[in-house]
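Asks: The following block contains the structure, expressed as structure tokens.
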Amino acid sequence: MPNKLKNSVNEMPDIADLPRDYPFGNRVSESLAEHAKRIGISRGAMRNRADRGTVPIIQSGPKKKREVNLYAIYMDAHQKGVRYTLAANKEER
């Protein structure tokens, strides 16, 4: 049987260590309801995305409050941007 994924809040970066281009200010997470409101979808749709695993979640334990991991969203977008830039530069040659 596969091991459960360990989800540790302690691995979040310190606010002072955030990159300069980090778009969420000093927040590294926000509630599902806040995130849903900010991106313009319903709370139910946000809960469904969290249940399906399409949005990174921080949860300290079973049946505990879930929060959207904003730092993980930033890192994913940053990595995709770097890959796109490298691919675009490669095509120019």
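The values are calculated or read from the model by the stated rules, or taken from the named source; none is laboratory data. Computed from a prediction, not measured in an experiment: that's the story for all the values here. The protein model used for the area step is the full one, side chains on, heavy atoms only, and it has no ligands, DNA or RNA in it. Shrake-Rupley method; radii C 1.70, N 1.55, O 1.52, S 1.80 Å.
Asks: Per residue of the range 29-35, what does 6.51 cos²θ - 1.76 cosθ + 1.60 with θ = phi - 60° give for ³J(HN,Hα)? Whole Hz please, x for Gly and Pro, Karplus curve as stated.
Replies: In residue order, the calculated couplings are 7, 8, 5, 4, 5, 5, 5 Hz.
Asks: For MET75, MET46, what's the largest-to-smallest order of accessible area, 1.4 Å probe?
Replies: MET75, MET46
Asks: Skipping prolines and chain starts, which residues have an amide H placed within reach, meaning under 5 Å, of the one on ASN69, given they are 5 or more residues away or on another chain?
Replies: ILE57, ILE58
Asks: So how do LEU86, LEU32 rank on accessible area, 1.4 Å probe, biggest first, that is with the largest at the start?
Replies: Solvent-accessible surface, decreasing: LEU86, LEU32.
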